[in-house]
1. Would you point out which residue out of ALA387, ALA346 is more than 16 Å from the ligand (Cβ to nearest atom), at pLDDT below 95 and either open to solvent by 80 Å² or more (accessible area, probe 1.4 Å) or over 30 Å from ALA197 (Cβ atoms) (or both)?
2. Restricting to the range 65-92, give me the number of residues that are within 13 Å of the ligand (Cβ to nearest atom) and either at pLDDT below 95 or of a type in the set (A, V, I, L, M) (or both).
3. For the range 17-64: of the residues being basic (Lys, Arg) and assigned to a loop (DSSP other than H, G, I, E, B), which is nearest to the ligand (Cβ to nearest atom)?
4. Every residue in the range 46-61 that is surrounded by 16 or more Cβ atoms within 10 Å (Cβ to Cβ), within 21 Å of VAL151 (Cβ to Cβ) and not charged (D, E, K, R), please.
5. Going by the conditions given, is PRO303 closer than 21 Å to GLU248 by Cβ, open to solvent by 30 Å² or more (accessible area, probe 1.4 Å) and not charged (D, E, K, R)?
6. Among the residues of the range 172-181, is any within 22 Å of VAL247 (Cβ to Cβ) and exposed (fewer than 14 other Cβ atoms within 10 Å of the Cβ)?
7. Of the residues in the range 116-128, how many are open to solvent by 10 Å² or more (accessible area, probe 1.4 Å), under 16 Å from ARG16 (Cα atoms) and within 13 Å of the ligand (Cβ to nearest atom)?
8. Hey, could you check the range 318-343 for residues that are acidic (Asp, Glu) and either at pLDDT below 95 or assigned to a strand (DSSP E or B) (or both) and say which is surrounded by the most Cβ atoms within 10 Å (Cβ to Cβ)?
Amino acid sequence: MLRRLSVQTSGESHGRVMLAQLTGFPAGLSIDVEFVDAFMRRRQGGFGRSARQSIERDRVDILSGVYQGATSGAPLALAVWNQDDSLPDKPPFTRPRPGHADLAGAQKYDVVDMRPILERASARETAARVAAGAVAANLLRELGVELLGHVVALGRVDVPAPRGWGDLPALQRRRDRSPFFSLSPAADKRLEQEVLAARGAGDTLGGVFEVRAFGVPPGLGSLDGFDSRLEARLGGALLSIPAIKAVEVGDGWSGARLRGSAVHDPVGPPGEAGPTRTSNRAGGVEGGMSNGEALVVRAAMKPIATLSRPLASWDYATGEASEAFYERSDVTAVPAAAVVGEAMTALVLADALLEKTGGDTLREVRGAIERHRRAVARRFGARGRPAAGHGARRKGSPAAGAKKPRKP
Ligand code: EPS
């Protein structure tokens, strides 16, 4: 799903380190470590997390790829050191948890002790990708693209949307004050009751998060190939987050039940920066490309698979029916998943943007994106003049450059 950047993560949940290697990143960005660490702290937060998060102090430790305070263009190695590195002392476990990777992984690797499967499948892996995604978000911010990830549903409780999206810093502050990373203080009380009720029943909760990206230039992604389409890349990235089972772009699910006239976004008069639309149900993507509107994606997370009142399972060591294995776990991690979603969206957008602009340095990338934005404003904006010649054509005249097909 990434075409210019590449990210690899490694590390076990209770091993020494969670590591991300990020390559293809331009030179010349002074990484704002406080900005990256704020992502790391947010990922650890949210009501319903387990005691593990009070043990860990996730911070990014940049091991390579930075010279004299700025990225050098070399691969970045980003380390998040584990405080709980007790893997060597962990007992074997042989009673798979339904919904987790345990049984599928045991069959894949032909092992009965599923400990190494759990260790790698744990959502702690997302600490490493958030480190990489936050660096990508840092680059995007430099280029005028800002993200907002927030929770829109938890269990049976829906969070109402805010009145508008105009004041992004205020929305980000509101989200950061909410223990659920929601945009509705009024909904938080109901969300808390929902989580406490699930915890009381020894159960867990899923939910839905949304990521919005503002300032996305038009023309990211491509209509040319099935794997270059922006939705495909976003969908792959979001579905790669542990426990995510469904993704929508814009009003994907609800739009499927409506007529076209209620779904597609009419074109308004040209604005300062380019075309305008009177709605954004497409979520900022048409034909596999960003269209200049805000990007809107949502992802559905299943409830955490580790239950304190475990489901029926089988002990593959003793060959007897047994309850599934239980170790401490979260009741819900949807707020944290919203942060991971923001990080994955940042990676896809930064990747698509670099693909569009090319460039080895931040200066080259910035120059190219500014030229592209100016070109869009000139051709499609309020102060632009309809182009004569290339790309424009008068009524009745043949398309620019069109030639009569030659007879065979
Ligand atoms: C997580 C750390 C883990 C879990 C959670 C994610 O810590 P531990 O297993 O030591 O309690 O809290 O992982 C899961 C819920 C899961 O199902 O894998 C983290 O840092 O995000």
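The values are calculated or read from the model by the stated rules, or taken from the named source; none is laboratory data. All figures in this text were calculated on a predicted structure; none of them were measured in a lab. Note: ideal-geometry Cβ built from the backbone for every residue, glycine included; neighbour counts use all protein chains shown. Each accessible area value is taken on the protein alone, full model and side chains, heavy atoms only, with ligands, DNA and RNA left out. Shrake-Rupley method; radii C 1.70, N 1.55, O 1.52, S 1.80 Å.
1. ALA387
2. So the count comes out to 2.
3. ARG49
4. Residues satisfying the conditions are GLY46, PHE47, GLY48, GLN53.
5. Considered against the rule, which asks whether it is closer than 21 Å to GLU248 by Cβ, open to solvent by 30 Å² or more (accessible area, probe 1.4 Å) and not charged (D, E, K, R), PRO303 comes out as yes.
6. At the first step, the residues of the range 172-181 found to be within 22 Å of VAL247 (Cβ to Cβ) are 175, 180-181.
Filter once more, so that each one left must be exposed (fewer than 14 other Cβ atoms within 10 Å of the Cβ): none.
So far as the range 172-181 goes, no, none of its residues is within 22 Å of VAL247 (Cβ to Cβ) and exposed (fewer than 14 other Cβ atoms within 10 Å of the Cβ).
7. Within the range 116-128, the first condition is being open to solvent by 10 Å² or more (accessible area, probe 1.4 Å), and the residues that meet it are 116-118, 120-125.
If we keep only those that are under 16 Å from ARG16 (Cα atoms) too, we end up with 116, 118, 120-125.
Then keep just the ones that are within 13 Å of the ligand (Cβ to nearest atom); that gives 118, 120-125.
The total comes to 7.
8. Out of the qualifying residues, it is ASP330.
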